[in-house]
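Asker: Mind looking over this structure? Questions follow.
The values are calculated or read from the model by the stated rules, or taken from the named source; none is laboratory data. Treat the numbers as computed from the prediction; the structure is a model and nothing was measured. Cβ placement follows ideal geometry from the backbone for every residue including glycine, while neighbour counts extend to all protein chains displayed.
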Amino acid sequence: MAKKTVNFNRLGISKLPQDKPVVYRIKTRAGKTNYVGVAKRGRAQARIKEHFRASDIPGVKVQIEQKPSIKEARKTEGRVIRRTKPKYNKQGR
């Protein structure tokens, strides 16, 4: 499925597609993944903006990967979290 990387700011987030469920990664300047999450179809921008407004997860880029279903997105999220162990995700998921 499609992947897209944008800046972790209001303008960048507003450019993200909303037509499919996504797995998103908030990344540092060095490219390290700080957080991995899932957003349902139509909620990608709003979900990522929640992290941006709260400033609880530092990052400079957001990478999304569209999936055909929310079930597939959640499976991918779990796999990525286990593999990369992002600092701001709860471990043991």
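Asker: What number of residues in the range 62-93 are over 24 Å from N9 (Cα atoms) and part of a helix (DSSP H, G or I)?
Answerer: 10
Asker: Given the residues A2, A46, A39, which is the only one that is of a type in the set (G, A, S) and over 16 Å from E77 (Cα atoms)? Working first, answer last.
Answerer: Working: A2 fails: over 16 Å from E77 (Cα atoms); A39 fails: over 16 Å from E77 (Cα atoms).
From the options A2, A46, A39, the qualifying one is A46.
Asker: Which of the residues that make up the range 75-90 are over 11 Å from R25 (Cα atoms), at pLDDT 95 or above and in contact with a strand residue (DSSP E or B) (Cβ under 6 Å, 6 or more places away or on another chain)?
Answerer: Residue satisfying the conditions is T76 alone.
Asker: Identify, please: which residue in the range 1-31 is without any contact (Cβ under 8 Å) to a residue 60 or more places away in the chain, among the hydrophobic types (A, V, I, L, M, F, W, C) and farther than 13 Å from K61 by Cα and is, among those, surrounded by the most Cβ atoms within 10 Å (Cβ to Cβ)?
Answerer: Among those residues, the one meeting the criterion is V22.
Asker: What are the residues in the range 41-66 that are within 11 Å of Y24 (Cα to Cα) and not polar (S, T, N, Q), if any? Please lay out each step first, then the result.
Answerer: Step one: filter the range 41-66 for residues within 11 Å of Y24 (Cα to Cα), giving 44-45, 47-48, 61-66.
If the condition is that a residue be within 11 Å of Y24 (Cα to Cα) and not polar (S, T, N, Q), then A44, R47, I48, K61, V62, I64, E65 are the ones that fit.
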